[in-house]
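Working notes, beginning with the structure itself.
The values are calculated or read from the model by the stated rules, or taken from the named source; none is laboratory data. Not measured: the values here are computed from a predicted model. For neighbour counting, all protein chains shown are included, and Cβ atoms are generated from backbone atoms with ideal geometry for every residue, glycine included.
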Amino acid sequence: MSQTLESPVEELQQLADQPWVTIVWNDPVNLMTYVSYVFRSYFGHSREEAERLMLLVHHEGRAVVASGGREEMERHVEAMHDFGLWATLAKEGP
Amino acid sequence: MIPFTRDGQVVTARLVPGESAMLASLAGQLIEMLEERAAESPTDLLLAQLGIGGASAPPLDPALARLLPDAYRGDDTAASEHRQLTELGLVDRKVANARAVIESLEGGTLVTLDPAGVQSWLRHLTDLRLVLAARLQIEDDGDEGTGDDRMLDLYDWLGYLQGTLVECLE
């Protein structure tokens with residue numbers, strides 16, 4: 001649900017904080033070429049960046065693919081679920 | 001089968017009749033699974049019209065659970081709230097992709113896809129593979145799957161088909 005921001009200062013603060021991340025998790029089903037294609041076509045990543053993230057998912061089991069406001073990350077996660085990728089969002093940091 | 005190739009914006013593949021019928025049947029089964037799930041949701045009519053008011057807990061069936069995963073890990077409350085707001089929409093879009101695939105199989109064995117059709121096929125082939133993988137207990141990288149040989153072949157074939165589709169978009 002959208003929140004009403006009280007002032008432009010708060011809005012700037014919220015942008016500066018960017019405390020949420022979208023995480024894509026490894027799965028044994030999705031083709032590496034497909035995951036890379038999704039990162040390029042949906043997030044607009046370069047081929048190199050998409051490959052790097054895809055390999056990170058594959059080898060490390062997960063990768064942060066985007067960061068920003070909570071609502072934006074929720075939209076990204078939904079889009080990843082549309083593609084059949086396994087994604088979650090979380091607050092950044094420990 | 002002649003796998004996917006691209007000419008400009010148009011992507012085509014030629015399936016043999018058995019393949020085409022199999023794919024349409026799988027798509028139909030997926031629609032059934034998803035619609036059953038949506039029908040179980042404790043839905044208020046007004047919320048349903050808004051596309052929200054979905055279930056609050058993940059599906060018990062591992063295949064459905066993989067199609068409709070939690071958006072939050074380790075936070076059941078947030079996952080549940082998010083699911084209620086988004087699951088029906090996700091189900092609708094997956095059903096729409098399956099229907100688009102069925103429709104593109106109705107013109108005979110030559111499958112011709114425009115860019116929207118390509119997107120439906122990419123997502124739907126993924127959804128089918130996720131369901132089959134759950135049934136075959138493919139859970140970690142390297143798992144070869146256990147169960148029916150025909151289902152294993154089908155899983156591999158869908159992967160091959162999807163691979164050629166992704167490749168021709170490069």
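Just checking, how many residues over region A:35-94 are more than 11 Å from chain B (Cβ to nearest Cβ) and touching a helix residue (DSSP H, G or I) at 6+ places or on another chain (Cβ under 6 Å)?
9
Suppose we keep only residues that are among the hydroxyl-bearing types (Ser, Thr, Tyr) and surrounded by 13 or more Cβ atoms within 10 Å (Cβ to Cβ) within region B:126-159. Which one would you say is nearest to the other protein chains (Cβ to nearest Cβ)?
Residues of region B:126-159 that are among the hydroxyl-bearing types (Ser, Thr, Tyr), as a first pass: B:126, B:146, B:155.
From what's left, surrounded by 13 or more Cβ atoms within 10 Å (Cβ to Cβ): B:126, B:155.
Details: B:THR126: 3, B:TYR155: 9 Å.
So, considering only residues that are among the hydroxyl-bearing types (Ser, Thr, Tyr) and surrounded by 13 or more Cβ atoms within 10 Å (Cβ to Cβ), the one nearest to the other protein chains (Cβ to nearest Cβ) is B:THR126.
Of all residues in region B:55-87, how many are assigned to a helix (DSSP H, G or I) and at the interface with chain A (Cβ under 8 Å from one of its Cβ atoms)? Working first, answer last.
Taking region B:55-87 and keeping what is assigned to a helix (DSSP H, G or I), we get B:62-67, B:76-87.
Pick out the ones that are also at the interface with chain A (Cβ under 8 Å from one of its Cβ atoms) and you get B:66-67, B:82, B:86.
Counting residues in region B:55-87 that are assigned to a helix (DSSP H, G or I) and at the interface with chain A (Cβ under 8 Å from one of its Cβ atoms) gives 4.
Considering only residues that are within 9 Å of chain A (Cβ to nearest Cβ) and either of a type in the set (Lys, Arg) or closer than 14 Å to B:LEU67 by Cβ (or both), which ones fall in region B:88-123?
B:GLY89, B:LEU90, B:ARG93, B:LYS94, B:ASN97, B:ARG123 - these are the residues of region B:88-123 that are within 9 Å of chain A (Cβ to nearest Cβ) and either of a type in the set (Lys, Arg) or closer than 14 Å to B:LEU67 by Cβ (or both).
Which members of region A:44-57 meet the condition of being surrounded by 16 or more Cβ atoms within 10 Å (Cβ to Cβ) and either of a type in the set (Ser, Thr, Tyr) or part of a helix (DSSP H, G or I) (or both)? Don't jump to the end; show me each part of the working.
Here is the first cut: in region A:44-57, the ones surrounded by 16 or more Cβ atoms within 10 Å (Cβ to Cβ) are A:45, A:50-51, A:53-54, A:56-57.
A:ALA50, A:GLU51, A:LEU53, A:MET54, A:LEU56, A:VAL57, listed by residue number.
Within region A:16-41, take every residue that is in a helix (DSSP H, G or I) and at pLDDT below 95 and give me the one that is nearest to B:VAL131 (Cα to Cα). Working first, answer last.
Our first condition is that a residue be in a helix (DSSP H, G or I); within region A:16-41, this holds for A:16-17, A:32-41.
Adding the requirement that they be at pLDDT below 95 leaves A:16-17.
Working: A:ALA16: 40, A:ASP17: 38 Å.
That would be A:ASP17.
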